[in-house]
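The values are calculated or read from the model by the stated rules, or taken from the named source; none is laboratory data. Note that the structure is predicted; figures quoted are calculated from it, not measured. Here the Cβ is made from the backbone with ideal geometry for all residues, glycine too, and neighbour counts use every protein chain on show. Quick note on the areas: whole protein, heavy atoms, side chains included, nothing else; ligands and nucleic acids left out. Shrake-Rupley method; radii C 1.70, N 1.55, O 1.52, S 1.80 Å.
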Amino acid sequence: MPSKVVRRAAVAVVAASLMLAFAGVASAAKYIVLYKAKGVPADGGAVIRNAGGTVVASYAQIGVIIAKSSSSTFAAKVRKDGRVEAVSATAGFATQLPDTETLGAGPPVDGTGDVPVSDSDTLSGLQWDMRQMGVPQAHAITGGSSSVLVGDLDTGLDYTHPDLAPNIDFANSTSCVGGVPNQSPTAWDDDNGHGTHTAGTIAAAANGIGIVGVAPNVRIAGVKVGDPDGFFFPEAVVCGFMWAATHGFDVTNNSYFADPWLFNCRNDSEQRAIWIAESRAIKYAESRGVTVVAALGNFADDLAHPTQDVISPDTGPGEERSITNACVVVPTEVPGVIGVTATGDRRLKSYYSNYGTGVADVAAPGGDRILQVTANAPNGRVLSTYPAKFFAPSPLIVQDCSVSPCAVYAYLQGTSMASPHVAGLAALVISHYGKLPSGQVAAIIRQTADPQACPDAATLALYAPFPSMSNGAPQTCTGAAEFNSWYGSGIVNALSALSQ
């Protein structure tokens, strides 16, 4: 594990990249205007205009307006409206997605129903992750139904990838970057790679090439909320969840942190409008039947006992911000969201994975290149789809040239890779049992997970070189075998979930 000095240097690099990213932003800043009531008054637009702003988007269902203004007095003027709870500028507020390392209408949606599929594609033998959670056996029951729609809220997806193209729902895909939906495929195309990887884990087709996703018969919509540099701005996140809520989505996967600071403190005036607006959007989606799945993060943090935030860019290089349990991570700590920790091929928590009692609901394969390299997982990571335009010769890049041009796949690790396994499982559950309330889908996934006890002393000692990146605390596991801070209810089991 890097020393504290090296970790702080990494924070400085992130902060510097943020400054460069924001240097080219136009003078008009974006703002979240949060109303006390979950509604937008009829004269809300007039208030924005009179304060020197323009309405970018209005979400009456949750009492939020996204606005932009170049006036330095805009926020102060809007705050004078007694109906407004808070106003926050979003221009400098984002959390970078942490790495762990020709246009057409698209193909028609496959009409496949709730029927079995085979896990015999050309690269299926490399998918240790699917075997860990019993996906091939579950596929003997169902590969999912095309009536089920999963939204991958990420950096977009490569709609030309031959393992994704059969299942992409073009009509419900969009880009929310900037806060306004843009359905042009060039807008929601993946210019980062992360979104294509998570999408493949969810819904890569069982078509004889490459890999097979957890739910290879369902439809998947790319909802781009992350920009090319992996920043997830608040206006994009709110837009993404409202899109999912109003377009019939059944499930969303969320492999990111959404807010200005990694930890968002409820009593901070600058953060309040942002995290409440995002929370309202998520809860609204849940109320419309959307099952929301989210990654816990990759900083080896106990999210149930946070003390410091040194990752966020707003504190500046070398600074540490003291925090308490009043500070939360969105979306994973929003009520009703299924929070996912990562495991490796040895069925242990990945060395980098966040955890926490009451935050971790279940665990799923995310990869572990240090503690869990095995014969089944020779580099420890998870293989999934990747944009061909990012191809470069590497031991972590695999090509399937049974199609032309060759389809590209990449090995990555992170809780970002774990979360889409659970989103795919949620889609299988809905495919098999029918449309269910999001809480019932979550209950099935939790109740059928394989319990995993906290590690013994010898195993826990393996994690000593990997303390929390936020406060240097050693990793600890608390709780019983049936439910604990590392695995929640256990490692998800697809076959058990479909055998109720």
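So the values come out like this:
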quantity	calculated
Boolean, R346 is part of a loop (DSSP other than H, G, I, E, B), modelled with pLDDT of 95 or more, under 20 Å from H194 (Cα atoms) and open to solvent by 30 Å² or more (accessible area, probe 1.4 Å)	no
Residue that is among the charged types (D, E, K, R) and within 19 Å of A388 (Cβ to Cβ), where the choices are D163, D169, D229	D163
Candidate set: segment 250-296, residues that are outside any helix (DSSP H, G or I) and among the basic types (K, R); chosen: the one most open to solvent (accessible area, probe 1.4 Å)	R288
Exclusive hit being touching a helix residue (DSSP H, G or I) at 6+ places or on another chain (Cβ under 9 Å) and either surrounded by 22 or more Cβ atoms within 10 Å (Cβ to Cβ) or in a helix (DSSP H, G or I) (or both), set T201, T186	T201
Positions within segment 204-228 being buried (at least 24 other Cβ atoms within 10 Å of the Cβ) and modelled with pLDDT under 95, in sequence order	G226
Qualifying residues in segment 320-343 (those that are part of a loop (DSSP other than H, G, I, E, B) and buried (at least 19 other Cβ atoms within 10 Å of the Cβ)) - the one modelled with the lowest pLDDT	I323
Residue within segment 161-175 that is within 24 Å of A494 (Cβ to Cβ), under 16 Å from the mean Cα position of the chain (by Cα), crowded, with 23+ Cβ neighbours inside 10 Å and not small (G, A, S) present	no
Tally, over segment 53-75, of residues that are open to solvent by 10 Å² or more (accessible area, probe 1.4 Å), polar (S, T, N, Q) and under 16 Å from A29 (Cα atoms)	5
Y433 open to solvent by 10 Å² or more (accessible area, probe 1.4 Å), under 18 Å from A199 (Cα atoms) and of a type in the set (F, W, Y)	no
Breaking point among (1) open to solvent by less than 10 Å² (accessible area, probe 1.4 Å); (2) on the phi > 0 side of the Ramachandran plot, for G479	(1)
Total residues in segment 349-382, condition surrounded by fewer than 24 Cβ atoms within 10 Å (Cβ to Cβ) and among the charged types (D, E, K, R)	1
